[in-house]
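The values are calculated or read from the model by the stated rules, or taken from the named source; none is laboratory data. Quick caveat: nothing in here was measured; it's all calculated off a predicted structure. Cβ sites come from the backbone with ideal geometry, for glycine too, and all protein chains shown count toward neighbours. Note: accessible area is taken over every heavy atom of the protein model, side chains too, but ligands, DNA and RNA are not part of it. Shrake-Rupley method; radii C 1.70, N 1.55, O 1.52, S 1.80 Å.
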Amino acid sequence: MPADLILIAYDGSDNAKRAIEYAGRFLTTTRAIVVTAWEPMVRQAVRMSGLSGVMAPEWIPEDEAEDVAFTDAKVTNDEGVRLAEEAGLRVEGHCAECTTAIWSAIVEKADDLDVDIIVTGTRGTTGLRSLLQSSVADHVLRHSHRPVLIVPPGK
């Protein structure tokens, strides 16, 4: 029985491209959504200044200008949609604004859309590095109550 809806997390990385390839190869679905999570530049600037110990700038973007991070996310998402179509999926794209963490934007979008399965790539880190840098895929797996297909990196 085919899944009604799958969500594929896509950030433009080789691992995300591989996840799309495997979703097209192994999953039968009536519809797929490629989701690219993005964080507004204002939040990125505040987070980075906080890490450096510098006071957060009082930067307010122009209302009429589109956030450059959103513009980049749309380009990345369009690429993911094209790759998913080439993989044989009936697909549409979504950009999900991240308010806390990338993984939470993916899990929230999956819940909003009531998807059957989440597909994501992973960096495939192990050992001490994996303890210091947990992956988005790991957090999605831990925090989502939905099935998750994690596609490891190639050789």
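Overview of values
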| quantity | calculated |
| --- | --- |
| Residue tally, condition crowded, with 20+ Cβ neighbours inside 10 Å and either in contact with a Cys (Cβ under 7 Å, 6 or more places away or on another chain) or in a helix (DSSP H, G or I) (or both), over the range 135-155 | 3 |
| Spans of helices (runs of 4 or more DSSP H) in the range 14-87 with at least 2 residues open to solvent by less than 80 Å² (accessible area, probe 1.4 Å) and at pLDDT 95 or above | 14-26, 68-86 |
